[in-house]
1. Report, by residue number, each residue of the range A:117-152 that is more than 7 Å from every other protein chain (Cβ to nearest Cβ), in contact (Cβ under 8 Å) with a residue 12 or more places away in the chain and not in a helix (DSSP H, G or I).
2. Restricting attention to the range B:360-381, does a residue exist that is more than 14 Å from every other protein chain (Cβ to nearest Cβ), of a type outside the set (Asp, Glu), under 18 Å from the mean Cα position of the chain (by Cα) and over 30 Å from B:Thr449 (Cα atoms)?
3. Return only the number of the condition from (1) outside any loop (DSSP other than H, G, I, E, B); (2) of a type in the set (S, T, N, Q); (3) buried (at least 23 other Cβ atoms within 10 Å of the Cβ) that B:Gln358 does not satisfy.
4. B:Asp169 - would you say it is within 14 Å of another protein chain (Cβ to nearest Cβ) and of a type in the set (D, E, K, R)?
5. Does B:Ile253 satisfy being within 22 Å of the chain's Cα centre (by Cα), within 14 Å of another protein chain (Cβ to nearest Cβ) and among the aliphatic types (A, V, I, L, M)?
6. Filter the range B:176-218 down to residues that are buried (at least 24 other Cβ atoms within 10 Å of the Cβ) and of a type in the set (D, E, K, R) and give me whichever is nearest to the other protein chains (Cβ to nearest Cβ).
7. Please count how many residues of the range B:459-508 are outside any helix (DSSP H, G or I), at pLDDT 95 or above and in contact with a Leu (Cβ under 9 Å, 6 or more places away or on another chain).
Amino acid sequence: MWSEAEAREIVRRHSGREGPLLPILHDVQAAFGWVPPEVVRVVAAALNLTRAEVHGVVSFYHDFRDAPAGRHVLKLCRAEACQSMGGEAVARAVLDRFKIGWNETTPDGGVTIEATYCLGLCSCAPAAMLDGQPIGRLDHAVLDDIAGEVER
Amino acid sequence: MTTRIFVPRDAAARAVGADRVADALLAEAGRRKLDVTLVRTGSRGLFWLEPMIEVETPAGRIAYGPVKASDVPALLEAGLMQGSAHALRVGRPEEIPFLQRQTRITFARCGIVDPLSLDDYRAHGGYRGEARARELGPAGTIEEVAASGLRGRGGAGFPAGIKWKTAADAAADRKYIVCNADEGDSGTYADRMLMEGDPFSVIEGMTIAGYAVGAGKGYIYIRSEYPDAIRTMEQAIVVARNAGWLEAFELEIRVGAGAYVCGEETALLESIEGRRGQVRAKPPLPAHRGLFGRPTVINNLVTLATVPAILADGAKAYAAFGVGRSRGTMPIQIAGNVRHGGLFEAPFGLTLGEIVEQIGGGTRSGRPVRAVQVGGPLGAYFPRALFDTPFDYEAYTARDGLIGHGGVVVFDDSVDMARQARFALEFCGIESCGKCTPCRIGSVRGVETIDRVIAGDHRDANLALIEDLCQTLKFGSLCALGGFTPYPVMSAIRHFPEDFGRPRRVAA
């Protein structure tokens, strides 16, 4: 749940900064799990920008969500180094297991699976990140661990 | 007496279990009443051995790897504390051939020191560069950087000294130093390793740059996919500030938001200013009018982190390494389907064959190497026939490729090069900032056309169309995303015609 008071507090926290929009949006998403349209209005008014300008920034960057994420967020790398180690097949198996597509959330809100293009773990490919924790050499055994963590 | 044991805190080491090993070590040492001090370092960059732990003995450090948490009791039983024999013992790290063959200048401290200890930093040569810069003065410092031949390690290869001089000569009320740590290329992790393993080298490089060009503020733009690096860098700035290091130079971290194109310098500046990461037309150059319209030096993180070593030991010593116009060393990141994947810092000039086969040891899958993509998603795919290409900015350009940020991604013979060419165009479409037409629309039309080629629909005509489209992308795009996407596409078509339903030519 988002709150206008908290959104205003986030904006206030960054008021002295040069170019504060991205840090504000990061904090908004950290606080609410996504960037609600109502918050876009609050931020735009506070920074003397139009809603279109702020919406344009929110929609440009892959990180900012227009809907709340699941309780867990699993990022799977789809870039070349992970491709070379069979990452696409592993990713397919993960999506099949949770019965969702890319950038979707399971119906019970348990997990959101997002595509990412490189986590910098390219010598331990295929790579993933679960709630900010790096995971390398992804295989079916590691996958079972991830599923256990998510379903717990 | 306490025994120091070193376990990496590098994200890639953590990704394969370094935290579990550290926990097991502390728990097991407690149970056995052993006096152990655990030090979390960066990684040495030998990723097939991670988690690689090291124990300090009178004979120097002794390494073991790859260690699993379940190995810890047996390791202690065998005499880990004394560096005794065990199946996982790899001996003195400096004597492991992969490390022994390297010339570590930029990465001299990475994996050895506690990344957040200024005492360690000083004991291993830190601050020397800054001290020398103050002796030389701003102009002398810029001359030294120029004389070293240091070029942009982000990929463009622009001489750092010229960038600095241009910004220094520009008159303004304030100037900025921006460190580009938006390391988005697949197969690269040098920036990440330095931020996690030796963040003070980045800070020192930036304070030197600020002193040289007269800038009082610096930004480090780190991609959001690197939470560990962001955390360590933030902590390092606090340590530096508390030690009084940042009194004349303010430093701030900005976190990206998942846009690859923000690695392009002008898109990155737009992003810091709070806008969509869209590329700016040049001129004006950032060195004249960059961040917030002020003169700005924007350099790749590896470039900046190399500056302290150059100043400490002199431009001549650095320029003595390398070949042609590529002076000094390059941290080559060997990745993908490779047996010995890791960071290999060496003078320019190694051939691709040496990197992939002798150093990398061939594929991890054990199958033959078929293609190697050098320089990230905008770099060309090289066949074995081009393994004699020396690692050098100009040599790669001459073969329609680029060294980029030094990433080398190895593929075995199961790779389908038509799929790789398709991915290059698809990636360009996903990450295009939308400012220029060739990139925004050409990438989408390119995917449609290559799908027809893959489906066998008018193959020759459609391949001719892709070639034509690539010409438009190359010469009509504003930045490297559209401009270099033709490299992976055309190299796949040229060097691997059989994957596009064409006969293999004799002698590629």
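The values are calculated or read from the model by the stated rules, or taken from the named source; none is laboratory data. The structure displayed is predicted, hence computed values, not measured ones. In this analysis, Cβ positions are derived from the backbone assuming ideal geometry, glycine residues included, and neighbour counts consider all displayed protein chains.
1. Scanning the range A:117-152 gives A:Pro126, A:Ala128, A:Met129, A:Leu130, A:Asp131, A:Leu138, A:Asp139.
2. The first filter runs over the range B:360-381 and keeps only residues more than 14 Å from every other protein chain (Cβ to nearest Cβ), leaving none.
Scanning the range B:360-381, I find no residue that is more than 14 Å from every other protein chain (Cβ to nearest Cβ), of a type outside the set (Asp, Glu), under 18 Å from the mean Cα position of the chain (by Cα) and over 30 Å from B:Thr449 (Cα atoms), so the answer is no.
3. (3)
4. Working: within 14 Å of another protein chain (Cβ to nearest Cβ): no; of a type in the set (D, E, K, R): yes.
Considered against the rule, which asks whether it is within 14 Å of another protein chain (Cβ to nearest Cβ) and of a type in the set (D, E, K, R), B:Asp169 comes out as no.
5. Working: within 22 Å of the chain's Cα centre (by Cα): yes; within 14 Å of another protein chain (Cβ to nearest Cβ): yes; among the aliphatic types (A, V, I, L, M): yes.
Yes, satisfied.
6. Within the range B:176-218, the match that is nearest to the other protein chains (Cβ to nearest Cβ) is B:Arg192.
7. Of the range B:459-508, the ones outside any helix (DSSP H, G or I) are B:477-479, B:485, B:496, B:501-508.
Retained after the next criterion (residues that are at pLDDT 95 or above): B:477-479, B:485, B:496.
Adding the requirement that they be in contact with a Leu (Cβ under 9 Å, 6 or more places away or on another chain) leaves B:485.
Going through the range B:459-508 one residue at a time, the tally reaches 1.
Matching residues to (1) away from every other protein chain (no Cβ under 14 Å); (2) of a type outside the set (Gly, Ala, Ser); (3) closer than 23 Å to B:Gln100 by Cα; (4) touching a helix residue (DSSP H, G or I) at 6+ places or on another chain (Cβ under 6 Å):
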residue	(1), (2), (3), (4)
B:Ala24	yes, no, no, yes
B:Ala29	yes, no, no, no
B:Arg32	yes, yes, no, no
B:Glu50	no, yes, yes, yes
